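Everything on this sheet refers to the single structure shown next.
The values are calculated or read from the model by the stated rules, or taken from the named source; none is laboratory data. This structure is a prediction, so every number in the text was calculated from the model and none was measured. As a convention, Cβ positions derive from the backbone with ideal geometry for all residues, glycine included, and neighbour counts pool all protein chains shown. Heavy atoms of the whole protein, side chains included, go into the accessibility calculation; ligands, DNA and RNA do not. Shrake-Rupley method; radii C 1.70, N 1.55, O 1.52, S 1.80 Å.
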Amino acid sequence: MGAIEDIYDDLETDVPEEEFREAVEEKVEQMGGLADEETAAMLLAHELNENEVNAIADIEPGMDEVKFLAKVMAIGDLKTFERDDEDEDGRVINVEAADESGSLRLAFWDGQAVDIDEGQLEVGDVLRVKGRPKDGYNGLEVSVDKAEPDEDATIDVEPGAGSSIDALTMGQSDVSLRGLVLDTDSIRTFDRDDGSEGRVSNLTLGDETGRIRVTLWDDRADRAEELDAGAAVEIIDGYVRERDGSLELHVGDQGAVDEVEDDVAFEPDADPISEVELEETADIAGVVRSADPKRTFDRDDGSEGQVRNVRIQDATGDIRVALWGDKADKDIAPGDEVLAADVEIQDGWQDDKEASASWNSTIVVLDGGADLATGGAGGGAGAETTDAEHAGLSSFGDETDDADSSGDEAAAVSAGSGDTSPDGGAQSAGQQIEFTGTVVQTGDPVVLDDGEQTMSVETGERVQLGQEITVRGELRDDRLHAEDVF
């Protein structure tokens, strides 16, 4: 076998060998004898392979032309449309295709579309595709110039298989995904360039592999207010986008969010509180040790904002978490098990770290780890975490053992300067409590105000007017004798 045959056999091209040889001869003539046939063949091989990509994940919108292998996952319906200044209607059919790295949509036009509609392409076929990629309505799309079956190629993906959160990739479309609703946001409106009003909402979805933010557009936006945390749902015909470096799953008018009866597991994988670092985004899970009342404030633009502070503790430490906006309305009380995901770690008072939960954070009340772990079917993945080196939900030391078993922690937030609890119940002297508030008086005693009530505190710690602190200690004679101030 000659050199030209060897070079041609190593090519993955749809160019016939005879045309390749003719092109080699033309290349030799063009170079005026500066290259022999073997050199010319190698140059042509490089040109033919220049647009070949190794995987779908390597394809980006805006590339001039790409060549790649993909397996047919689903075939859409033939659609017709009117072309400008042409009597004959155009035709298009969309095909969902994938390899091990991701998926995309193939757009076949006119004659090719008709052939596919007549059955010349089947789900499961592997195609060698040449086309032009672009950013389509539902993600990455390739307008196909040429596609031929490759019976010798193997792609290890199965049509009809559902996705998991950790398997989602940028540009993926026609996504089918089951998960648990962890959190929902309210509907927001915006003005489009054409003057119409758009609607958008978000929910956070979790499965056994992770969690993802889901963006619901226009008519689908209502689903965020129709679903409750803990509901098991299936996303149909979603598409993946990237925002601020993270993947999001979007659902438009062609998609759906349907409730399902299947059990779906979600197991929080949180960071140990003692190991979180300033200016990083972290996931925190633990027991709520204290929960302040909601406070409102005026923004610079004249609108009203709101915030609520809670303190969460795991096996390694505790941290104050500021819940902003709608998250301040969450029904959270001492003793609840909570996941605070995607919170920003910031500087707090006295160089203490605190976490900020803003619009893109997720706050989940785990209800003992049972409901959200199983879709309401019982059990509890969250309750099984016992590794003290990891931020579990029930793996606390002796200091917190009583919180889960007796419920004392839920009654441990003081109602103020009397012997009453926040709900008006009796609070006995000598009880260990925790109180968070703003310093409104220094000296002896220090007086804290939480927005609803005040608490007199005996402490030797130096505090400043206006400083927000949490004190923990024994309540005696209507005063909290502080053992810890933070």
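Is it the case that Asp36 is among the charged types (D, E, K, R) and modelled with pLDDT under 80?
Values: among the charged types (D, E, K, R): yes; modelled with pLDDT under 80: no.
In short, no.
In region 134-201, which strands (runs of 3 or more DSSP E) lie fully inside it and hold 1 or more residues that are modelled with pLDDT of 85 or more and open to solvent by less than 30 Å² (accessible area, probe 1.4 Å)? Spell out the reasoning first.
Working: elements: 139-149, 175-184, 188-191.
Answer list for region 134-201: 139-149, 175-184.
Selection within region 284-316: residues that are small (Gly, Ala, Ser) and open to solvent by less than 10 Å² (accessible area, probe 1.4 Å). The member of this set that is farthest from Asp352 (Cα to Cα) is Gly305. Within region 435-456, the set of residues being outside any strand (DSSP E or B) and of a type in the set (Val, Ile, Thr) comprises just one member, Thr442. Among the residues of region 43-66, are any among the hydrophobic types (A, V, I, L, M, F, W, C), surrounded by 12 or more Cβ atoms within 10 Å (Cβ to Cβ), assigned to a strand (DSSP E or B) and modelled with pLDDT of 75 or more? Within region 43-66, one or more residues are among the hydrophobic types (A, V, I, L, M, F, W, C), surrounded by 12 or more Cβ atoms within 10 Å (Cβ to Cβ), assigned to a strand (DSSP E or B) and modelled with pLDDT of 75 or more. Just to be sure, is Gly210 in contact (Cβ under 8 Å) with a residue 24 or more places away in the chain and surrounded by 22 or more Cβ atoms within 10 Å (Cβ to Cβ)? So Gly210 fails the test.
Return the residues of region 213-233 that are open to solvent by 20 Å² or more (accessible area, probe 1.4 Å) and either within 22 Å of Gly252 (Cβ to Cβ) or among the aromatic types (Phe, Trp, Tyr) (or both); say none if nothing qualifies. Steps first, answer last, please.
First, the residues of region 213-233 that are open to solvent by 20 Å² or more (accessible area, probe 1.4 Å): 213, 217-220, 222-223, 225-226, 228-229.
Across region 213-233, the qualifying residues are Arg213, Trp217, Asp218, Asp219, Arg220, Asp222, Arg223, Glu225, Glu226.
Within region 331-345, restricting attention to residues that are without any contact (Cβ under 8 Å) to a residue 60 or more places away in the chain and not in a loop (DSSP other than H, G, I, E, B), the residue that is farthest from Gln432 (Cα to Cα) is Ala340. Asp145 meets the conditions (1) under 29 Å from Asp326 (Cα atoms); (2) out of contact with any helix residue (DSSP H, G or I) (no Cβ under 9 Å at 6 or more places or on another chain) in every case but one. The failed one is (1). Applying a threshold of 9 Å to beta carbon distances and a minimum spacing of six or more residues, or different chains, the list of pairs starting in region 473-486 at a residue that is free of Cβ contacts under 8 Å to residues at least 12 places away in the same chain and ending at one that is in a strand (DSSP E or B) reads Glu483/Gln432; Glu483/Val471; Glu483/Arg472; Glu483/Gly473; Glu483/Glu474. Scanning region 457-478 for residues that are in a strand (DSSP E or B), modelled with pLDDT of 85 or more and open to solvent by 20 Å² or more (accessible area, probe 1.4 Å) turns up Glu458, Arg472, Glu474. Would you check if Val129 is over 26 Å from the mean Cα position of the chain (by Cα), at pLDDT 90 or above and either under 15 Å from Asp64 (Cα atoms) or buried (at least 18 other Cβ atoms within 10 Å of the Cβ) (or both)? Here the answer is yes, as Val129 does meet what is asked. A single entry from Arg213, Arg220 fulfils the requirement of being closer than 20 Å to Val364 by Cβ and not hydrophobic (A, V, I, L, M, F, W, C): Arg213.
Condition check for Asp258 on (1) part of a loop (DSSP other than H, G, I, E, B); (2) modelled with pLDDT of 90 or more: one failure, at (1).
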